[in-house]
């Protein structure tokens with residue numbers, strides 16, 4: 001598979017992936033497949049085939065979600081990524097084949113793993129975005145998006161909120177570890193490091209240069 005008109009953005013948390021996908025699609029009149037876009041297929045997924053993706057869909061008590069150990073949580077995250085990849089590789093061709101999307105650039109905030117990306121596309125179609133792992137952990141709940149604030153509220157409702165927050169902080173440290181950071185940094189694709197001194201417009205221009213889609 002070669003997705004000539006598809007541009008993939010991957011990496012770790014708090015690096016600006018979602019913002020860049022939106023801004024590139026807006027500037028180029030393209031399609032933005034934003035974070036968790038695979039949720040559009042969630043209701044029709046078989047729980048036996050996609051046990052990790054359907055875990056939250058079928059969850060009765062969301063407090064169970066935050067009560068998992070770091071090992072359980074990280075195992076689930078890794079399972080989600082594998083299942084997301086399967087769904088994304090089905091959805092992207094569907095997007096490309098839609099008549100109104102013909103010829104448009106598609107920008108994807110993707111869960112597709114590095115090894116698979118190397119099989120389906122080339123270096124000019126992938127950007128890895130990274131933030132300092134410590135920032136990803138410390139500022140996780142500073143972001144206003146509803147999902148993160150919902151999780152934060154759940155932890156405050158626990159009998160021991162401090163313990164719940166400490167447990168989740170360990171989870172974040174595992175997911176945003178230096179080992180994971182170094183893996184992405186040295187994976188062979190172009191990398192954009194978070195720089196709070198750089199404007200959104202400057203990040204777009206940097207991405208355009210790497211994607212070779214400038215004016």
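Things to note:
- Residues in the range 38-73 that are touching a residue at least 60 places away in the same chain (Cβ under 8 Å) and in a helix (DSSP H, G or I) were compared, and the one that is surrounded by the fewest Cβ atoms within 10 Å (Cβ to Cβ) is 63.
- Within the range 191-215, considering residues that are crowded, with 16+ Cβ neighbours inside 10 Å and over 22 Å from residue 104 (Cα atoms), the one modelled with the lowest pLDDT: 194
- Residue within the range 21-36 that is in a helix (DSSP H, G or I) and modelled with pLDDT under 95 present: no
- Filter pass, residue 206 being touching a strand residue (DSSP E or B) at 6+ places or on another chain (Cβ under 8 Å) and more than 25 Å from residue 88 (Cα to Cα): yes
- Of the residues making up the range 180-215, those that are in a loop (DSSP other than H, G, I, E, B) and in contact (Cβ under 8 Å) with a residue 60 or more places away in the chain number 6.
- Checking the stated criteria, residue 15 turns out to be crowded, with 18+ Cβ neighbours inside 10 Å and at pLDDT below 95.
- Residue 32 in contact with a helix residue (DSSP H, G or I) (Cβ under 6 Å, 6 or more places away or on another chain) and either without any contact (Cβ under 8 Å) to a residue 12 or more places away in the chain or at positive phi (or both): no
The values are calculated or read from the model by the stated rules, or taken from the named source; none is laboratory data. Predicted model, so just to flag it, every value in this text is computed and none were measured. For neighbour counting, all protein chains shown are included, and Cβ atoms are generated from backbone atoms with ideal geometry for every residue, glycine included.
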